[in-house]
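Peer 1: Submitted below is the structure of interest, expressed as structure tokens.
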Amino acid sequence: MYLRPEDRARPNRMALRIAVVGGVAVVLFAILFFRLWSLQILDGAENLAEAKNNRTRSTKIVAPRGKILTRNGEVLVDNRTSLALQVDTSKLPEDEAAKNAELRELGALVNMKLPRVLERIEEEEGVVAAGAPITVRNDVGYQLIYYIEEHPGKFPGVTVEKVFVRNYPNENEAAQVLGHTGEVSEEELEKGPYKGFEPGEVVGKEGLEASYDSVLRGTPGISRYQVNALGEPTPGGNLTTTPPVPGKSLKLTINPAVQRAGEQALSERGAGAFVSMNIHTGEILGIGSDPTYDPAVWTKTMSQKEYESLAGEEGGEPLFNRAVEAAWPTGSTYKLMTALAGLENDYVTGSTVVDDNGYIELAGQKFENSEGAVNGPISLTHAFEVSSDVYFYKLGARMWNNNDLQNWSHKMGIGDPTGIDIPTGESAEGLVPSRQWRDQLFEEELTERPWSQGDDVQLAVGQGDLQTNPLQMAIAYATLGNGGTVVTPHLGMEVLDPAGRVLREIDPGPRRHVDIKPESRQLIMEGLHLATSGPGGTATSVFNEFPIEIAGKTGTAERAGHAYNMSWFISLAPYPNPNVVTVVVVEEGGFGAESAAPANKQILEAYFHNTLKKENEEETKETEESYEGEVGSGEEAAVEEEGYEEVPYVEEGAEGTGEGG
């Protein structure tokens with residue numbers, strides 16, 4: 001049969017479509033199959049671990065920092081628990097108005113306005129780890145916990161947690177050297193000793209807390225627990241806990257009696273500083289700066305205004321550690337360096353006599369003694385006794401062209417880093433002015449004149465452009481006292497484990513040794529002793545009844561822009577073989593003998609307390625034995641035995657006679 005073309009079988013379009021769809025489905029199922037095979041077989045173990053991790057959370061358990069103790073074990077810094085108001089920002093309402101409404105109400109509970117709450121959150125978001133709660137305020141009360149627990153739906157994401165903060169049992173004692181802690185900053189995370197730390201970690205920021213952070217900071221613990229689909233802990237979901245390791249404790253060289261005496265002496269006289277140090281080991285027995293502050297302020301949320309009140313000049317800069325960071329002239333206490341340079345370079349000897357007629361004149365400029373005193377012919381030791389400026393003016397004038405005074409200043413530690421184990425600012429190195437320094441400034445048109453003889457004359461008596469601090473001066477006097485060893489001052493003495501056992505002793509050792517002729521040392525020490533005991537001694541009136549012999553020097557320093565002089569006094573005790581140097585500066589205390597010397601005496605009384613107490617007890621015992629010996633014989637014994645009441649004898653003119661009262 002013949003089929004026409006139009007009667008032939010046509011391809012089945014539906015079958016073609018089904019074939020195409022079926023092919024695509026096969027490919028999709030193949031892809032899905034291989035993907036499932038990859039997830040379950042190839043990556044099964046890894047995915048199982050991730051799935052388990054999604055059901056668990058880890059929380060860091062902060063380790064308590066170690067204690068800071070005095071040399072006899074008194075606590076200067078330890079820890080206390082504090083309640084911190086924290087917010088998980090991821091759980092706050094997404095709507096801006098609703099979020100602000102919650103934060104405004106939350107802030108009202110802790111006396112914080114909304115702008116301050118938002119500012120605090122912004123500050124912390126750049127510091128804490130991602131997803132970690134932000135501390136809005138520390139040291140909140142327990143009533144806040146009760147309120148939040150009673151209103152669970154009102155403050156989503158808000159909790160009150162217990163945290164460790166530093167505690168200061170003696171309030172502001174040694175505040176500037178102790179320093180403080182705080183959360184590591186973004187800059188510190190990128191560089192410096194805290195590079196690589198986790199955001200939000202608490203580290204040492206200033207003072208000993210910073211220098212010994214690796215000792216004081218413990219090792220955090222970890223707590224793992226199960227959570228539900230909302231990320232909330234499930235009941236009984238604790239898995240494992242690794243307890244934290246507390247930090248080690250740091251025992252200091254500080255003698256608490258000396259420390260308190262120094263701080264008390266300053267508080268009675270105004271702004272200034274003190275340092276007391278063992279001249280053989282460099283151990284700091286006491287160090288302080290006034291005005292001071294209570295370091296507990298760092299345990300709470302501090303506003304910029306509060307910080308400025310601590311750092312600003314209007315409040316006296318209580319954060320500024322004048323003992324190690326000041327830049328001051330010293331007045332006559334600097335004559336130690338001038339005398340050493342003169343003796344060691346053969347400009348003078350012990351027998352050299354200078355005619356002190358009250359002044360010298362250079363290039364038309366007059367340099368006078370204090371209050372116009374005229375001392376006549378005097379030797380070096382007598383010049384120390386009466387603090388003759390003319391003697392040292394003339395000595396400085398002879399040395400002006402050869403840098404001898406500057407060289408000996410640096411040898412004794414002036415104008416150089418001290419090496420103390422706390423952070424110090426740029427001003428801590430100070431400045432010993434020299435020809436090279438001033439001439440360089442003159443070339444750069446930063447000063448009006450080059451170096452002149454008058455500059456060395458001023459430096460010879462601790463004036464002019466000299467800039468130093470109490471610690472550098474303590475090192476210089478200690479170097480003389482111990483015969484030439486430049487010690488390394490330090491506050492750390494021992495590292496202790498949490499049980500109080502000594503793990504390590506801290507002894508940085510001396511920095512160098514300076515060759516000082518024994519006869520030079522003896523002459524200067526004799527002159528310093530006469531300054532506190534001689535008939536014309538500038539500090540004899542302060543120390544004439546002090547039972548322990550000391551060597552010392554007053555200083556009265558002028559400062560541009562200040563109406564009152566700085567009062568300095570530096571002592572080496574006991575004389576002639578000292579073991580302690582003490583420096584006191586009162587910024588506007590007048591003459592050295594008026595403020596600094598009596599303050600120095602207070603510190604020495606605390607240092608020698610046991611010696612003085614023993615001497616007093618022996619004197620009392622001798623007096624009692626003498627009295628008993630007298631009473632045990634003659635008429636007085638008979639009076640005592642018979643029980644007669646003895647009437648005290650009153651001289652004429654004594655109280656009650658109307659004369660001589």
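Peer 1: Can you name the residue in region 320-354 that is of a type in the set (Asp, Glu) and out of contact with any Lys or Arg (no Cβ under 9 Å at 6 or more places or on another chain) and is also surrounded by the fewest Cβ atoms within 10 Å (Cβ to Cβ) among such residues?
Peer 2: 346
Peer 1: Taking the criterion of being within 23 Å of residue 94 (Cα to Cα), touching an Asp or Glu at 6+ places or on another chain (Cβ under 6 Å) and surrounded by 16 or more Cβ atoms within 10 Å (Cβ to Cβ), would at least one residue in region 134-141 satisfy it?
Peer 2: yes
Peer 1: In region 477-518, which residue that is touching a Pro at 6+ places or on another chain (Cβ under 8 Å) and of a type in the set (A, V, I, L, M) is farthest from residue 276 (Cα to Cα)?
Peer 2: Of everything passing the filter in region 477-518, 486 is farthest from residue 276 (Cα to Cα).
Peer 1: Test residue 292 against the criterion of being under 16 Å from the mean Cα position of the chain (by Cα) and either assigned to a helix (DSSP H, G or I) or surrounded by fewer than 24 Cβ atoms within 10 Å (Cβ to Cβ) (or both), and give yes or no.
Peer 2: For residue 292, the condition - under 16 Å from the mean Cα position of the chain (by Cα) and either assigned to a helix (DSSP H, G or I) or surrounded by fewer than 24 Cβ atoms within 10 Å (Cβ to Cβ) (or both) - is met.
Peer 1: Tally up the residues in region 445-478 that are over 18 Å from residue 397 (Cα atoms), surrounded by 24 or more Cβ atoms within 10 Å (Cβ to Cβ) and out of contact with any His (no Cβ under 9 Å at 6 or more places or on another chain), please.
Peer 2: Looking only at that region, the number is 10.
Peer 1: Please count how many residues of region 479-489 are within 13 Å of residue 420 (Cβ to Cβ) and surrounded by 24 or more Cβ atoms within 10 Å (Cβ to Cβ).
Peer 2: Adding up the residues that qualify gives 2.
Peer 1: Moving on to the next point. State whether one or more residues within region 82-95 are assigned to a helix (DSSP H, G or I) and under 29 Å from residue 294 (Cβ atoms).
Peer 2: Checked against the condition, which is being assigned to a helix (DSSP H, G or I) and under 29 Å from residue 294 (Cβ atoms), region 82-95 yields no hits at all.
Peer 1: So, in region 331-363, how many residues would count as being charged (D, E, K, R), under 17 Å from residue 520 (Cβ atoms) and not in a helix (DSSP H, G or I)?
Peer 2: Matching residues across region 331-363 total 1.
Peer 1: Here's a follow-up. Of all residues in region 526-550, which are under 16 Å from residue 479 (Cα atoms) and surrounded by fewer than 21 Cβ atoms within 10 Å (Cβ to Cβ)?
Peer 2: 526
Peer 1: Further question: Which of the numbered conditions does residue 65 fail, given that it passes all the others? Conditions: (1) outside any strand (DSSP E or B); (2) modelled with pLDDT of 80 or more; (3) farther than 19 Å from residue 162 by Cα.
Peer 2: Failing condition for residue 65: (3).
Peer 1: Restricting the search to region 175-196, which residues are touching a helix residue (DSSP H, G or I) at 6+ places or on another chain (Cβ under 6 Å), in a loop (DSSP other than H, G, I, E, B) and farther than 25 Å from residue 141 by Cβ?
Peer 2: The answer is 179, 194.
Peer 1: Can we say residue 387 is at positive phi, surrounded by 21 or more Cβ atoms within 10 Å (Cβ to Cβ) and at pLDDT 95 or above?
Peer 2: The answer is yes for residue 387.
Peer 1: Write out, first by first residue and then by second, each pair whose Cβ atoms fall under 6 Å of each other, whose residues are 6+ apart or on separate chains, and whose first residue, in region 594-610, is of a type in the set (Val, Ile, Thr) while the second is modelled with pLDDT of 95 or more and not in a helix (DSSP H, G or I).
Peer 2: From residues that are of a type in the set (Val, Ile, Thr), the pairs are 603/276; 603/582.
Peer 1: Within region 168-225, can you find the residues that are among the aliphatic types (A, V, I, L, M) and under 20 Å from residue 75 (Cβ atoms)?
Peer 2: Within region 168-225, 174, 175, 177, 178, 202, 208, 210, 215, 216 meet the criteria.
Peer 1: I'd like the residue in region 416-431 that is small (Gly, Ala, Ser) and surrounded by fewer than 19 Cβ atoms within 10 Å (Cβ to Cβ) and, out of all such residues, is nearest to residue 275 (Cα to Cα).
Peer 2: 419
Peer 1: Hey, can you tell me all the residues within region 551-571 that are out of contact with any Lys or Arg (no Cβ under 9 Å at 6 or more places or on another chain) and closer than 13 Å to residue 601 by Cα?
Peer 2: 551, 552, 554
Peer 1: Would you check if residue 142 is aromatic (Phe, Trp, Tyr) and touching a residue at least 40 places away in the same chain (Cβ under 8 Å)?
Peer 2: yes
Peer 1: Here's something else I'd like to know. Restricting region 393-415 to residues that are under 36 Å from the mean Cα position of the chain (by Cα) and free of Cβ contacts under 8 Å to residues at least 60 places away in the same chain, which is surrounded by the most Cβ atoms within 10 Å (Cβ to Cβ)?
Peer 2: 406
Peer 1: Would you mind finding the one in 313, 317, 308 that is free of Cβ contacts under 8 Å to residues at least 24 places away in the same chain, out of contact with any strand residue (DSSP E or B) (no Cβ under 8 Å at 6 or more places or on another chain) and part of a loop (DSSP other than H, G, I, E, B)?
Peer 2: 313
The values are calculated or read from the model by the stated rules, or taken from the named source; none is laboratory data. Here the structure is a predicted model, which is why all the values come from computation and not from measurement. Please note: Cβ atoms are built from the backbone with ideal geometry, for glycine as well, and neighbour counts cover all protein chains shown.
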